Amino acid sequence: MHRSFSFRHLTSTSIAFSFWLLVSCLLLLNSCSFNPNYQRKGSDFLQGEWKQDSVERQKLLVSYELHNFRFTCDSFYVSIASNSKVNYGADTCMNSGHWMEYAKGTYEQQSDTLHLKGFFCNPDFSLKKEGGCFRFGAYVEDFKISSKSDSALALLSFSSTIPVKLRLVKRVPCVEKPL
């Protein structure tokens, strides 16, 4: 006995499921894209090396950090000089209350917010492995750009109340490189 296909046998449930499956597949295909072959350009005003010389009232603070940023195209590199009057761990790591941490990754500016996403690194900016002193793994930081000029940049971290006031040390042009 040979049966031919007829649309009369389809139920409203099977039609709804088929429609849902088709829409899901189309959405999935549209949401997937290849990563770009080159770095993105990034924000023009950020390109360069920026240094934080001091923090307001730093002698009165128990702990604080000083940041040195380098922005090139859509990438960032940051050196964080931490200072603390409190010993949080082994003195071999704390170095009498002064230590350095490093991170690198990519950034994105949306309106007045600077989003940094990357990883903690060794001093040569190679990926830092688990263990050793201080933080490792993901580095995620968001800053509000509170003011900017040709040679000064003020950032407010969403995770700290201490403003980061940077001065431009050197302009570095963006030369987009293949990834």
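The values are calculated or read from the model by the stated rules, or taken from the named source; none is laboratory data. Here the structure is a predicted model, which is why all the values come from computation and not from measurement. Positions of Cβ are generated from backbone atoms using ideal geometry, with glycine treated the same way; all protein chains shown enter the neighbour counts. For accessibility, only protein heavy atoms count, side chains too; no ligands or nucleic acids. Shrake-Rupley method; radii C 1.70, N 1.55, O 1.52, S 1.80 Å.
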Checklist entry - Using beta carbons and a limit of 9 Å, which pairs, at least six apart or on different chains, have the first residue in the range 129-155 and among the basic types (Lys, Arg) and modelled with pLDDT of 90 or more and the second one in a loop (DSSP other than H, G, I, E, B) and open to solvent by 80 Å² or more (accessible area, probe 1.4 Å)? => result Lys144/Phe158
Next on the checklist: Anything in the range 80-110 that is touching a strand residue (DSSP E or B) at 6+ places or on another chain (Cβ under 9 Å), free of Cβ contacts under 8 Å to residues at least 24 places away in the same chain and more than 26 Å from Leu61 (Cα to Cα)? List them, or say none.
Outcome noted: none
Checklist entry - Among the residues of the range 40-79, which ones are in contact with a strand residue (DSSP E or B) (Cβ under 7 Å, 6 or more places away or on another chain), among the hydroxyl-bearing types (Ser, Thr, Tyr) and part of a strand (DSSP E or B)? => result Ser63, Tyr64, Ser75, Tyr77, Ser79
Item to check | Any chance Ser82 is more than 23 Å from Cys174 (Cβ to Cβ), open to solvent by less than 40 Å² (accessible area, probe 1.4 Å) and not in a loop (DSSP other than H, G, I, E, B) | outcome: yes
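Looking only at the range 85-103, how many residues end up being open to solvent by 80 Å² or more (accessible area, probe 1.4 Å) and in a strand (DSSP E or B)?
So the answer is 2.
So which of Lys177, Lys148 is charged (D, E, K, R), closer than 28 Å to Lys41 by Cβ and surrounded by 12 or more Cβ atoms within 10 Å (Cβ to Cβ)?
Lys148
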Item to check | Count - residues of the range 159-174 that are open to solvent by 100 Å² or more (accessible area, probe 1.4 Å) and under 18 Å from Ser63 (Cβ atoms) | outcome: 2
